[in-house]
Amino acid sequence: MNDNHTRKKQQSDSHSRTGLGVDVLKRAIIDHLFYEQGRYPDVATINDWYLAVAHTVRDRLVRRWISTAQTYKREGSRTVCYLSAEYLLGPHLCNNITNLGIRDEMTQALQELNQDLDQLLEQEQEPGLGNGGLGRLAACYMDSLASMQIPAIGYGIRYEFGIFDQEIRDGWQVEKTDNWLRHGNPWELRRHKLTFDVRFGGYTEQFMDDVENRFRVRWVPDRIVNGIAYDTPILGYGVNTVNLLRLWKAEAPESFDFQAFNLGDYYAAVDKKVVSENITKILYPNDEPIAGKQLRLQQQYFFVSCSLQDMLRLFLQQGEGLDKFHVKFAAQLNDTHPALAIPELMRLLIDEHCLDWDTAWVVTRNTFAYTNHTLLPEALERWPLSLLEEMLPRHLQIIYEINDRFMDEARRRMYGIDMQISRLSIIEEGEQKHVRMANLAFVGSFAVNGVAKLHTELLKQDVMQDFYRLWPERFSNKPNGVTPRRFVLLSNPGLARLIRDQIGCEWTTNLDQLKQLGGLASDTQFQTLWQQEKRASKIALADLIKQRTGEVINPDSLFDIQAKRIHEYKRQHLNLLHIITLYNRLKHNPDADITPRTFVFAGKAAPGYKMAKLIIKLINSVAYMINRDSDVNDLIKVVFFPNFNVKNAQKIYPAADLSEQISTAGKEASGTGNMKFSLNGALTIGTLDGANIEIREEVGAENFFLFGLICKEIYRIQAEGYRPWDYYQDNLELKDSIDLISSGFFSHGDTQLFKPLVDTLMTTDPYMLMADYQSYLDCQQTVSQAFRRIDEWTRISILNVARMGRSSSDRAIGEYCNEIWKVKPVPVEL
Ligand code: 26Q
């Protein structure tokens, strides 16, 4: 999608490492196959071809990468550091081809070599270094930062095993380790020389520094681990900027283990090596109780320590005094996972670089900003104080000092205000003391933000209300966004082409341009083309579903899709109650006039989250019974699409007619899948929760299927006492659905299997399914009617896409840059 000028320039470059024309790409691929894989075309495997193409593309990033680094260094640019324990990047190859603007050229080059690009793309193992929304957000933000030419470094952890691969056996989720590095990773560069020591354990002692003439603290650790940098280039779209994603791997320092400490005790030394290298072995799942997760805390400290040491190194190269550190760097904390960066920067500045406390605190407080991603109280990070004391004794001292000074400041601010000061404390008192990471993150940051309007409001009024009362100016809302490059241009090329033919290419970097499609929404010719694209995507998904599950689905049915982590608050089981109700209706009346639907579920459950896994089992059990029932006559089909990851997501979003966003109001911070669906022309059925609220405002209430209690009503009912039994008794269809589950109908007669789920729904259910059931059913009825008027549906689908401009991650990053980080683009010339 390049303009003619750049295309000409590209074609004139015949260098085999940089040229972008078809012939030079061909030559480069063959070269790599020969000299790197040691293969020639006749015997090369698909994976050999994949690697040859990957290296060919990587070559084309290198020159831009170096130019970018040189430019930033020369200009002494202010840099954003995104600190995130997760990056859910998805496959690189197609993204880099897209961002280089050479998809057509590469397709042709491979054709001429008798290879199929799509087939090669299938070879790539995606780096699943994240759980879900938060990790994917970090990846979208890296794409936008590079595309907007913002100097930025992403810092994180190079997990050897990312999020598990999900298989379904007998309806249950089975976890398979994700050995993504098995075949090597062509997208990273190990930086052998770039390593830092990270200390753990031991004790601290005070000593008099005669040179500096002041007391200092020395931390004597009992263990040292090395962090080695692995760099992945992040290419912006249509620009020369290549930013850095720097992930840290833990290794044992040879000298430390083998000589100084374990002389003569070989096995203990090997043991220590294993323990050290364990730190970056595996990604922790969310929704998992934190108890006993020592290793998780080690991971968090390990990566922030490496990252800050690296930032200090880069800063000191510029020859300025460390009291100006925050002038050159802004560091964003992606939730509280990297919050130990706050005491760590204090420690580095004070203990290692001899700054005084007050100066160090000014620097620290002006460096960090914190993004909150959750309102669920059980998901707020708290670490046992005893664990910190043992693992990071110096940091605990610093945290205490930060807290004491902060509490005094709070007392001065609170003067005359009736408020419980203990709620502000970083330390939670009790039988077992805890460190509250959100409080630490707030105290050490100059800004804190929520990720959607309602979420930010609840943050201010609820979760962090005391902080908000005292420091309202630090709070802001930064609505999430998603990259239109990966989630439209790359994953839905047909739709992208259709859009380009109407409005050109500017929308890919300025998503508001999609507005121009609004004028075409009622154009019947355009509607037909739009329907054709959707149908093609649905057929492609149907093929994939056939291949993965054996299930045959009807591409003309309404594709009703819920794809996201499995969690009770996201209410996949409410979706199921709708399906079971439709089933009951069909069984009572096989001639019932029902709009044909295919219900698709996809998502992983945390391995230790019993109820979420039971929900997966129920989905598959319902699918089993319904899909085999001839009374249903294929009017409804239920499919569980296994192993939801970025690669699979890219096939799922384009095929959806209806996007299920049905969390209990007030529980979903934002959601970003909702945006990806809508950008691909799905209509949304949803509650007033998270980003659904903004999506509805943008696309128009008349173009959004709204149902359910609003947040305030949820709170009110909960305060009065939620009585699920009343809904059950008053609603025959609801009762029938629940009873059918309880009867063992879906479990080969086993009445115990789903009892835990039903019992929760009937008693304490904090997500109040029953209270939203009827409203959801009515709304689904409206959906079914609407889908029958396909032209009207298509009109609304076009309007949805046309009005999704604000959900671009470019918009989000623009707001972070202007309002929080104060950074400006630094264009890179080749
Ligand atoms: C914490 C401690 C120990 C182990 C694991 C964790 C952990 C890891 C990941 C806790 C939470 C997460 C991930 C949270 C997450 O993905 N939140 C989602 O963030 C999205 C981006 O802002 C929002 O759109 C979603 O609403 C929110 O659920």
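The values are calculated or read from the model by the stated rules, or taken from the named source; none is laboratory data. Not measured: the values here are computed from a predicted model. Methodologically, a virtual Cβ is constructed for each residue, glycine included, from the backbone with ideal geometry; neighbour enumeration extends over all protein chains shown. Quick note on the areas: whole protein, heavy atoms, side chains included, nothing else; ligands and nucleic acids left out. Shrake-Rupley method; radii C 1.70, N 1.55, O 1.52, S 1.80 Å.
Brief remarks follow.
- Shape category assigned to region 735-823 from the gyration tensor of Cα positions, a/c cut at 1.5: oblate
- Three-way shape call for region 778-830 based on the alpha-carbon gyration tensor, with the a/c threshold at 1.5: prolate
- Within region 368-446, the GluC sites (Glu not before Pro) that combine a DSSP coil assignment with at most 15 other C-beta atoms in a 10 angstrom radius are GLU429, GLU431.
- Coupling constants for region 302-316 follow from the phi torsions by the Karplus curve (6.51 cos²θ - 1.76 cosθ + 1.60, θ = phi - 60°), and in residue order they are 3, 6, 6, 5, 4, 5, 5, 4, 5, 4, 5, 4, 4, 5, 5 Hz; glycine and proline get x.
- Alpha carbon convex hull of region 602-713, volume per residue in cubic angstrom: 141
- Helix-only arithmetic for the chain: the sum of -39500 (n - 2.57) across DSSP H runs with n ≥ 4, divided by the residue total, places the mean residue ellipticity at 222 nm at -13500 deg cm²/dmol.
- Quotient of the Cα radius of gyration of the chain and 2.2 N^0.38 Å, N being its number of residues: 0.97.
- Surface accessible to a 1.4 Å probe, SER742 within the full protein complex, Å²: 50
- FRET efficiency, 1/(1 + (r/R0)^6) with R0 56 Å, evaluated for GLU288 and ARG500 via beta carbons: 0.80
- The trypsin sites (Lys or Arg not before Pro) of region 784-830 that meet both conditions, a loop assignment by DSSP and at most 14 other Cβ atoms within 10 Å of the site Cβ, are ARG789, LYS822.
- Ranking TRP530, LEU340, ALA542 by how far each Cα lies toward the positive end of the dipole of the chain (charges on Cβ) leaves TRP530 at the top.
- Amide H contacts of PHE640 (H built 1.01 Å from N, under 5 Å, at least 5 apart or other chain): PHE601
- Relative to the Cα centre, the charge distribution of region 437-521, modelled as +1 at Lys and Arg Cβ and -1 at Asp and Glu Cβ, gives a dipole magnitude of about 200 debye.
- The charge dipole of region 563-656, taken about the Cα centre with unit charges on the Cβ atoms of Lys, Arg (+1) and Asp, Glu (-1), comes to about 640 debye, rounded to the nearest 20.
- Region 419-516: trypsin sites (Lys or Arg not before Pro) in DSSP loop, at most 16 other beta carbons within 10 Å: LYS433
- Distant-in-sequence amide contacts of THR79, defined by a placed amide H-H separation under 5 Å and a gap of 5 or more residues or a different chain, comprise PHE329, ALA330.
- Positive dipole terminus of region 273-312, leading residue within VAL274, VAL304, PRO285 (C-beta point charges): VAL274
- Rolling a 1.4 Å probe over the protein heavy atoms leaves SER491 with an accessible area of roughly 20 Å².
- Taking amide H as placed 1.01 Å from N in the peptide plane, GLY671 has its amide H under 5 Å from the amide H of ALA691, each at least 5 places away in sequence or on another chain.
- Ordered from highest to lowest accessible area with the whole protein assembly present and a 1.4 Å probe, ILE693, ILE566 read as ILE693, ILE566.
- Largest to smallest in accessible area, the residues LEU316, LEU322 fall in the order LEU316, LEU322 (1.4 Å probe, all protein chains included).
- Portion, in percent, of the accessible area of region 757-830 that falls on carbon or sulfur, probe 1.4 Å: 51
- Kirkwood-Stokes translational diffusion coefficient of region 155-248, alpha-carbon pairs, 25 °C, 0.890 mPa s, µm²/s: 138
- Whole-percent pair-distance distribution, where bins are 5 Å wide, for the alpha carbons of region 43-131: 3, 12, 17, 19, 17, 14, 9, 6, 3, 1
- As a ratio to 2.2 N^0.38 Å, the alpha-carbon radius of gyration for region 548-629 is 1.15.
- Relative counts (whole %) of C-alpha pair distances in region 382-520, using bins that are 10 Å wide: 10, 28, 21, 15, 14, 12, 1
- Accessible surface area normalised per residue over the chain is 39 Å², counting heavy atoms of protein chains with a 1.4 Å rolling probe.
- Listed values for region 811-824 are Karplus-derived 3J(HN,Hα) couplings in whole Hz (6.51 cos²θ - 1.76 cosθ + 1.60, θ = phi - 60°), namely 4, 4, 5, x, 5, 4, 4, 7, 9, 10, 7, 6, 10, 10, and x replaces Gly and Pro.
- Solvent-accessible ranking of ASP657, ASP631, largest area first, probe 1.4 Å: ASP631, ASP657
- Gyration tensor (alpha-carbon) shape descriptor, region 327-428, a/c threshold 1.5: rounded
- The residue among GLN125, ALA139, ALA152 whose Cα reaches farthest toward the positive pole of the charge dipole of region 114-206, with charges on the beta-carbon of Lys, Arg, Asp and Glu, is ALA152.
- Element breakdown for region 1-139 at a 1.4 angstrom probe: carbon and sulfur atoms account for 47% of the accessible area.
- Diffusion constant of region 257-359 at 37 °C, which comes from Stokes-Einstein with the Kirkwood Cα-pair radius and 0.692 mPa s, µm²/s: 201
- Flagged links, alpha-carbon separation over 22 Å, of LYS433/LYS570; LYS328/LYS453; LYS249/LYS273; LYS546/LYS735; LYS293/LYS460; LYS546/LYS755: LYS433/LYS570; LYS328/LYS453; LYS546/LYS735; LYS293/LYS460; LYS546/LYS755
- Geometric extent, Cα atoms of region 461-579 - Rg, Dmax (angstrom): 20.4, 59
- The local environment of PRO41, defined by Cβ-Cβ distances under 15 Å, has a net charge of -3 under the rule Lys, Arg +1 and Asp, Glu -1.
- Length gained when the stretch ARG423-ASP462 is fully extended (0.36 nm per residue, less Cα-Cα span): 12.8 nm
- In order through region 78-93: 3J(HN,Hα) via Karplus (6.51 cos²θ - 1.76 cosθ + 1.60), integer Hz, x for Gly, Pro: 5, 10, 8, 10, 9, 9, 9, 6, 9, 9, 9, 6, x, x, 8, 4
- Rounded to the nearest 20 debye, the dipole magnitude of the chain is 1400 debye, with +1 charges on Lys and Arg beta carbons, -1 on Asp and Glu beta carbons, and the Cα centre as origin.
- Between the C-alpha center of region 293-363 and that of region 154-175 there is a gap of 31 Å.
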